[in-house]
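Nothing in this text is a laboratory measurement; each read-out follows from the coordinates by a stated rule. Fair warning: this is a prediction, and the values are worked out from it, not measured in the lab. Using ideal geometry, Cβ is built from the backbone for each residue, glycine included, and neighbour counts are taken over all protein chains shown.
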Amino acid sequence: MSVPVALIGCGFVADLYMRGLATFPGLAVVAAWDSDPKRLAAFSTFWSVPAAQGLDQMLADLPEGGIVLNLTNPSEHFAVNRACLLAGHHVYCEKPLALDINQARDLVTLARDRGLQLASAPCSVLGEAAQTLGRAVRDGTAGALRAIYAELDDGFVPQAAYDKWLSESGAPWPAEDEFRTGCTLEHAGYWLSWLIAWFGSVTTVHAISAETVPDKLGTGPMAPDLSVAVLEFEDGPLTRLTCSIVAPHDHRIRLIGDEGVLSCNAAWDNAAPVRFARRFRLRRRLMEHPFPRRLRLSGPTHPKLGRRGAASMNFALGPAELADAIETGRDSRLAGDYALHMTEVTLAIQNAGLTSGPQNMSTRCAPMEPMPWAR
């Protein structure tokens, strides 16, 4: 199987996708496009990828059954996704699908009406760590789960040397756009995708969000740089999710059950260890085991990459899964109701402010089918 892939947006994250795509020989990058001619030239030269002469021409030339990777800034996602779907192409979009839930809903409907698939990043939910932890949830390793604590704190980024952060092909980290978009829209999906995959629909979001550090680089308005959410699932434990670019780096998730605690300490590492600490009583003291047992899946999983910047993730797991879904005539795990629901929950947290109160979700999705090697 050889699936043609076209990239729209050659910025910072595009290099991470190219590294991942190289691990899947069946995915062939046939063209790239960026509205910035200098960025397009640098990217296409570095990766030896054909530079398209224009977006419309690239979409017209992409063969039927191909996939477009929408790696543009979030403010452009809706328009680019819509153009790709109208051109008759399947789309894999960086998060979120759109900045408005009604626009996201329109996109999912458009894809269905045209027999196309619209999938959403992040794809770390398809990685070994997420699938290992999901297997432990299904097996009841920690007993009945009572609560989940999930953190996505990235340190005090406004003081970081982000002006020196460059991708492999020389793209600068888009600080101004990142600050305008916000860490919740950019990062919440890394844990939300795992949680929704395991437990399905979030029914109610209780959240607050705020900009705690003013005067960041660029012109405003800037998005919240801190959000705290409590999620009620239709069939899952109460969950607290925190996103920030102000608190010390912490990417842990802990699932607290009757028998002990399941944990993973690195959201952005596909091979991060998953551990279980059994709870026990020692004389009058209740404690979790100081030497947690590492949980592993038997057999091979997926191609892995070394650390690049802050992450050790294969960004092509999602496009590869989408390509397989197209080839086998099934719905992608990352598309349809799942993508729409994750978008709604993320936007609810991002836009909560300080006074929104409980927000009832209007979308629903079923738990995700595990990867074949994790069943």
Span from the segment 261-338 Cα centroid across to the segment 85-114 one, whole angstrom: 27 Å
- line: From fewest to most C-beta neighbours within 10 Å, the residues 183, 84 line up as 183, 84
- prompt: To one decimal place, what Kirkwood hydrodynamic radius in Å is obtained for segment 187-300 from all pairs of distinct Cα atoms?
  reply: 16.7 Å
- request: Pairs of Cα atoms under 8 Å, at least six residues apart: use those to get the relative contact order of the chain, whole percent.
  value: 21 percent
statement: Longest principal axis of the chain (C-alpha) makes with the long axis of helix 101-113 (C-alpha) an angle, in degrees to the nearest 10, of 60 degrees
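Compute the convex hull volume of the Cα atoms of segment 3-120, divide it by the residue count, and report the result per residue in Å³ as a whole number.
On the way: hull volume 10.6 nm³, N = 118.
That works out to 90 Å³ per residue.
How big is the chain by the Kirkwood estimate over distinct Cα pairs, in Å? Working shown, then result.
Details: mean 1/r = 0.0473 Å⁻¹.
One over the average 1/r among Cα pairs gives 21.2 Å for the chain.
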query: Considering only DSSP beta bridges with both partners in the chain, what is the antiparallel share in %, to the nearest 5?
result: 60 percent
- request: Show that you can apply the helix-only estimate: for the chain, add -39,500 (n - 2.57) for every DSSP H stretch of four or more residues, divide by all residues, and state [θ] at 222 nm to the nearest 500.
  value: -9000 deg cm²/dmol
- prompt: Helix 128-139 versus the longest principal axis of the chain: what is the Cα-based angle in degrees, 0 to 90, to the nearest 10?
  reply: 40 degrees
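So what's the projected area for segment 128-179, the Cα convex hull averaged over all directions, in nm²?
One quarter of the hull surface, i.e. the mean projection, equals 6.2 nm².
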